[in-house]
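Working notes, structure below.
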Amino acid sequence: MKQLTVISGKGGTGKTTLTSSFAALAENATIADCDVDAANMHLLLQPEIIKTHDFTALPTAIIHPELCTGCGICVDHCRFGAIKEGFEIDPYICEGCGVCEYVCPADAVTMEYNKCGEAYESKTRFGPLVHAKLGIGEEAGGKLVTLVREIAEEVSTKNNCDTIIIDGPPGTGCSVIAALTGVDIALVVTEPTVAGIHDLKRVIEVAEHFDIPSLVCINKSDINDRKRREIEKFCTQKGIKIAGEIPYDTTPTEAMVKGKTIVEYTDNSFAKCVVEVWERVKEEM
Ligand SMILES: Nc1ncnc2c1ncn2[C@@H]1O[C@H](COP(=O)(O)OP(=O)(O)OP(=O)(O)O)[C@@H](O)[C@H]1O
Ligand code: SF4
Ligand code: SF4
């Protein structure tokens, strides 16, 4: 089973626009929306949820007052200052490290796991989709991405899919690393802007660090010719292939308004560019 992750560094470069079209073009793929902080693939793919998985990330410490002797050892050991006056834990500061439970001589601390998100297995008009929702203000997005990928692998096997297409999160942090780990190829969607190029370079470094081969797609390629050439030069220097260049156009917005992927909405020259990128990605996988 081949796995492709679409990433960008900078947000809003066109990952979801492309990935949703890949979902339509791929003959036998499972889609995993790993942009768990701002999932939006479901808006275009209109999934029917078949199964919901609860997501619990880090625990929070609870001090049981009836057992606490007030010795203060836990306060001295908590590096995050989460234990307040009266030996009460501030759940927003507690990092769930478990040190207070370990050092408490009176066994007055327990660690409690709370649900902080959900992952979903769904059906769409193209094939299976695995997506997720992280609770408001919750952290541990990287762990939720890992859960989405684990479920996507199970779903893919169950449905005899030959490919998993992962819509990755923006940035270069923990969630991106979780979305990239162990995949066969990364498609970096960039744009010819200062921020686009800056983040392209950072995200390529992350992919290189994990030995993931990359391809680059220059989206909105005609908005700045000088910056476009800068991307091409960077890719040449790095020996990274360019999977295609896609111009700035009204087609993505029009398709989105109709709730369709680009390739369902039209077969115009813009859609042809998207199809070409998919063909190049398939060749490299
Ligand atoms: N080639 C293009 N020309 C004009 N608009 C485009 C083009 N590609 C994408 N867009 C628009 O740019 C916006 C961002 O695109 P999209 O949501 O696909 O980016 P993203 O990288 O997935 O964003 P995020 O990082 O927020 O997940 C959307 O409104 C989309 O319609
Ligand atoms: S270490 Fe245990 S007994 Fe001591 S103050 Fe903390 S919770 Fe109470
Ligand atoms: S679990 Fe860790 S962070 Fe939370 S209160 Fe205990 S020592 Fe502090």
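A few comments on the model shown:
- The chain - percent of accessible surface contributed by carbon and sulfur, probe 1.4 Å: 50 percent
- Global form of the chain, assessed from the alpha-carbon gyration tensor, a/c cut-off 1.5: prolate
- Legend: residue pairs Lys143/Lys258; Lys158/Lys272; Lys238/Lys282; Lys10/Lys51; Lys238/Lys258, Cα-Cα distance threshold 28 Å; pairs beyond threshold, Lys143/Lys258; Lys158/Lys272; Lys10/Lys51; Lys238/Lys258.
- Label-point gap, in nm, between Phe210 and Arg79 - each point 7 angstrom along Cα→Cβ: 2.4 nm
- With the charge dipole of the chain set up from +1 on Lys and Arg Cβ and -1 on Asp and Glu Cβ about the Cα centre, the Cα lying farthest toward the positive end among the listed residues Leu4, Ser221, Leu58 is that of Ser221.
- Net charge of Cβ neighbours under 14 Å - reference Thr13; Lys, Arg +1; Asp, Glu -1: +2
- Heavy-atom accessible surface of region 1-96, averaged per residue, reaches 50 Å², computed with a 1.4 Å probe.
- With every protein chain in place and a 1.4 angstrom probe, the accessible-area ranking of Arg125, Arg228, Arg79, largest first, reads Arg79, Arg125, Arg228.
- Cα-based helix-to-principal-axis angle, 269-284 vs the chain, degrees rounded to 10: 70 degrees
- Using alpha-carbon coordinates, inclination of helix 194-209 to the longest axis of the chain, degrees: 70 degrees
- Cα gyration tensor shape of region 59-113, rounded if a/c is under 1.5, else prolate or oblate by comparing a/b with b/c: rounded
- Placing R0 at 45 angstrom, the Cβ-Cβ distance between Lys115 and Thr236 gives a FRET efficiency of 0.40 after rounding to 0.05.
- Nearest 10 degrees, 0 to 90: helix 15-25 Cα axis against the chain principal axis: 60 degrees
- Relative contact order computed over region 59-113 (Cα-Cα under 8 Å; 6+ residues apart), in percent: 52 percent
- The calculated FRET efficiency for Glu254 paired with Cys71, based on their beta-carbon distance and R0 = 41 Å, is about 0.05.
- Rounded to the nearest 10 Å², the accessible area of Cys273 at probe 1.4 Å: 30 Å²
The values are calculated or read from the model by the stated rules, or taken from the named source; none is laboratory data. None of the values given here were measured: they were computed from a predicted structure. Neighbour counts run over all protein chains shown; Cβ positions are idealised from the backbone, glycine included. Ligands, DNA and RNA are stripped out before the accessible areas are found, and what is left, the full protein with its side chains, is counted by its heavy atoms. Shrake-Rupley method; radii C 1.70, N 1.55, O 1.52, S 1.80 Å.
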